[in-house]
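Notes follow once the structure below has been shown.
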Amino acid sequence: MINSPQLRFAVIGIDHRHIYDQVASLLAIGAQCVGYWTHDEVRTLDGFVKRFPQIPRVADRRTLLDDQNIELIVSAAIPCQRAQVAIDAMRHGKDVMVDKPGMTTLAQLDELRRVQRETGRIFSVNFTERFEVRAVTVATELVRAGAIGTVLQTVGLGPHRLNRALRPPWFFDPQAYGGILSDLASHQIDQFLHFADVDDASIVTSRVGNLGHPDDPGLEDFGEIVLAHGRASGYIRVDWFTPDGLDTWGDGRLTILGSEGTIELRKYIDICGRPGKDHLFLVNHEGSRYIDCSSAPLPYYTDLWRDVFERTQSAMTHDHCFKVCELALCAQQQAERITP
């Protein structure tokens, strides 16, 4: 928990369940949520009220935008609406943290970049598969310390459970959610740039398709990307095929190949292995070992707090944030469509 000054934030848009973790994580470090706005009785509303009964709902989001005592706006609105939420907030002198994807079109990205430069406000996309995974914190420390030498490749797998009956109509509208690469694969793009320690990448290939859900033609249930920068490469696979028999929403994995060893993360479950999540396996010239990362810190939220008051970019630089979004959108735009 950070002592002072007090961070006051508000929520505009609760359409995705990620808003629960966004709000809970800020409250956990001592921030104060002064209110939330949602456009109607969205499916996530009951869960939000149950988790945060103390947070008042406001009838007009302008009430939150006009409140000069609010420093940060948090949003998990419908993906195609997040850019406008962020633009409105920055123009009202507020910093912004949104769920991924931060935008769904290149035009929105261009406008966000322009408004961020003009206002000097913080625009941060919460890439949860890095910022809210304790094993990634440990992997970052190991890679930066040279435990596996120079990073040569990352393999990022992002399988998800569809939970068809729980999904709102916008989930199946590509204009609303932006496509599977723009959405889910942004996590793995972020991790490639982060672990390879590069500021850009070329898209070698990208593919998307609906391979198993013909009754939902607007859904892209499979996507893959190959990225490259110098001698480093990254393979990414995302999908909506996690079976109901798994004890979590997806067996998210990350393998980091180095010139002197490898690191593998089993982020959310070790199938038929150790209980819990945040499992890390390190192999190098010294041998192989397992590291339980469940007690490692998650610095993103405390870093963002400090950035708000110190006007720094310690949680994530704007260059990195916008480059991840740009690569995801370009990969989506140029993707080959797989025909089953």
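Of all residues in the range 1-46, how many are of a type in the set (Val, Ile, Thr) and assigned to a loop (DSSP other than H, G, I, E, B)?
So the answer is 6.
May I ask you to list the residues in the range 184-203 that are aliphatic (A, V, I, L, M), within 19 Å of Pro101 (Cα to Cα) and out of contact with any helix residue (DSSP H, G or I) (no Cβ under 7 Å at 6 or more places or on another chain)?
Leu184
Take the conditions surrounded by fewer than 23 Cβ atoms within 10 Å (Cβ to Cβ), out of contact with any Asp or Glu (no Cβ under 7 Å at 6 or more places or on another chain) and closer than 19 Å to Cys330 by Cα and apply them to Leu106. Does it pass?
So Leu106 passes the test.
Let me confirm something: among Asp239, Asp199, which residue is closer than 27 Å to Ile271 by Cα and touching a His at 6+ places or on another chain (Cβ under 9 Å)?
Asp239
Working carefully through the options Gln54, Gln116, Gln84, Gln108, find the one that is in a loop (DSSP other than H, G, I, E, B), of a type outside the set (Val, Ile, Thr) and either more than 17 Å from Asp15 (Cα to Cα) or free of Cβ contacts under 8 Å to residues at least 40 places away in the same chain (or both).
Among Gln54, Gln116, Gln84, Gln108, only Gln54 is in a loop (DSSP other than H, G, I, E, B), of a type outside the set (Val, Ile, Thr) and either more than 17 Å from Asp15 (Cα to Cα) or free of Cβ contacts under 8 Å to residues at least 40 places away in the same chain (or both).
Of the numbered conditions (1) surrounded by fewer than 16 Cβ atoms within 10 Å (Cβ to Cβ); (2) under 19 Å from the mean Cα position of the chain (by Cα); (3) not β-branched (Val, Ile, Thr), Arg311 fails exactly one; give the number of that condition.
Going through (1) surrounded by fewer than 16 Cβ atoms within 10 Å (Cβ to Cβ); (2) under 19 Å from the mean Cα position of the chain (by Cα); (3) not β-branched (Val, Ile, Thr) one by one, Arg311 breaks only (2).
So is Leu64 in contact with a strand residue (DSSP E or B) (Cβ under 8 Å, 6 or more places away or on another chain) and either assigned to a loop (DSSP other than H, G, I, E, B) or surrounded by fewer than 19 Cβ atoms within 10 Å (Cβ to Cβ) (or both) or not?
no
From the list Ala201, Ala145, Ala165, Ala135, which one is in contact (Cβ under 8 Å) with a residue 60 or more places away in the chain, out of contact with any Asp or Glu (no Cβ under 8 Å at 6 or more places or on another chain) and of a type in the set (Gly, Ala, Ser)?
Ala201
Just wondering, is there one or more residues in the range 325-339 that are modelled with pLDDT of 95 or more, over 30 Å from Arg164 (Cα atoms) and either assigned to a helix (DSSP H, G or I) or not basic (Lys, Arg) (or both)?
Checking the range 325-339: not a single residue is modelled with pLDDT of 95 or more, over 30 Å from Arg164 (Cα atoms) and either assigned to a helix (DSSP H, G or I) or not basic (Lys, Arg) (or both).
Across the range 119-165, which residue is nearest to Ser75 (Cα to Cα) among those that are assigned to a strand (DSSP E or B) and small (Gly, Ala, Ser)?
The qualifying residue nearest to Ser75 (Cα to Cα) is Ser124.
Might you check whether a residue that is among the basic types (Lys, Arg) and either over 21 Å from Ser186 (Cβ atoms) or in contact with a helix residue (DSSP H, G or I) (Cβ under 6 Å, 6 or more places away or on another chain) (or both) occurs anywhere in the range 239-256?
no
For (1) of a type outside the set (Phe, Trp, Tyr); (2) within 21 Å of the chain's Cα centre (by Cα); (3) farther than 18 Å from Leu72 by Cα, each residue gets a yes or a no:
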| residue | (1), (2), (3) |
| --- | --- |
| Arg8 | yes, no, no |
| Ile14 | yes, yes, no |
| Tyr20 | no, yes, no |
| Ser25 | yes, yes, no |
| Gly30 | yes, no, no |
| His39 | yes, no, yes |
| Val42 | yes, no, yes |
| Asp46 | yes, no, yes |
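The values are calculated or read from the model by the stated rules, or taken from the named source; none is laboratory data. Values in this document were obtained by computation on a predicted structure and should not be read as measured data. Glycine gets a Cβ as well: all are built from the backbone with ideal geometry, and neighbour counts include every protein chain shown.
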